[in-house]
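The values are calculated or read from the model by the stated rules, or taken from the named source; none is laboratory data. Bear in mind the structure is a predicted one, so any value in this text is a computation, not a measurement. Neighbour counts are summed over all protein chains in view; Cβ atoms, including those assigned to glycine, are modelled from backbone coordinates with ideal geometry.
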Amino acid sequence: MDLTGNDAPGCGTGRRRRRPLSVTATVLGKKWHPLIVSVLLEAGALGFNELKERVQGISDKVLSESLDDLEERDLVDRTVIDDKPVRVEYSLTEWGEQLELVVTAMDEWGKRYLDAHGTDPAAD
């Protein structure tokens, strides 16, 4: 497996090509994105406040910005529900649902890392 992307078509032709691993890291590389995706994978569609309760430690501002970013990247759908009062629900798109294996692998790797090293590198 060549993670550099050098085996991808178009490499070596002088054109700049985004590497698939780099694209994945860009999409999921923000601190809260994998957690939001994971919660929506587990729970399905959620309102803003329900999502905030499940993603512990995230502020309203950061959750709102993260949801906007995930929506812009076609990973999250925002649906306005015409109740009284009007509600908004967030759910994963087909592209977002495809991240299940990636997010699960990240979680499992993190558990093994913590078991082996006993510390959280984000706490430093």
Just wondering, is there one or more residues in the stretch 86-102 that are part of a helix (DSSP H, G or I), within 16 Å of Lys31 (Cα to Cα) and free of Cβ contacts under 8 Å to residues at least 60 places away in the same chain? no
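For every residue, the table says whether it meets (1) modelled with pLDDT of 95 or more; (2) in a loop (DSSP other than H, G, I, E, B); (3) closer than 28 Å to Pro121 by Cα.
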position	(1), (2), (3)
Arg16	no, yes, no
Leu41	yes, no, yes
Lys61	yes, no, yes
Arg78	yes, no, no
Asp107	no, no, yes
Gly110	no, no, yes
Anything in the stretch 63-74 that is part of a helix (DSSP H, G or I) and within 11 Å of the chain's Cα centre (by Cα)? List them, or say none. Ser66, Leu67, Asp69, Leu70, Glu71
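Conditions (1) surrounded by 13 or more Cβ atoms within 10 Å (Cβ to Cβ); (2) touching a strand residue (DSSP E or B) at 6+ places or on another chain (Cβ under 8 Å), marked per residue:
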position	(1), (2)
Ala43	no, no
Phe48	yes, yes
Leu51	yes, yes
Ile58	yes, no
Glu65	yes, no
Glu71	yes, yes
Ile81	no, yes
Which ones in the stretch 43-59 are outside any helix (DSSP H, G or I) and touching a residue at least 24 places away in the same chain (Cβ under 8 Å)? Gly44, Ala45, Leu46, Gly47, Ile58
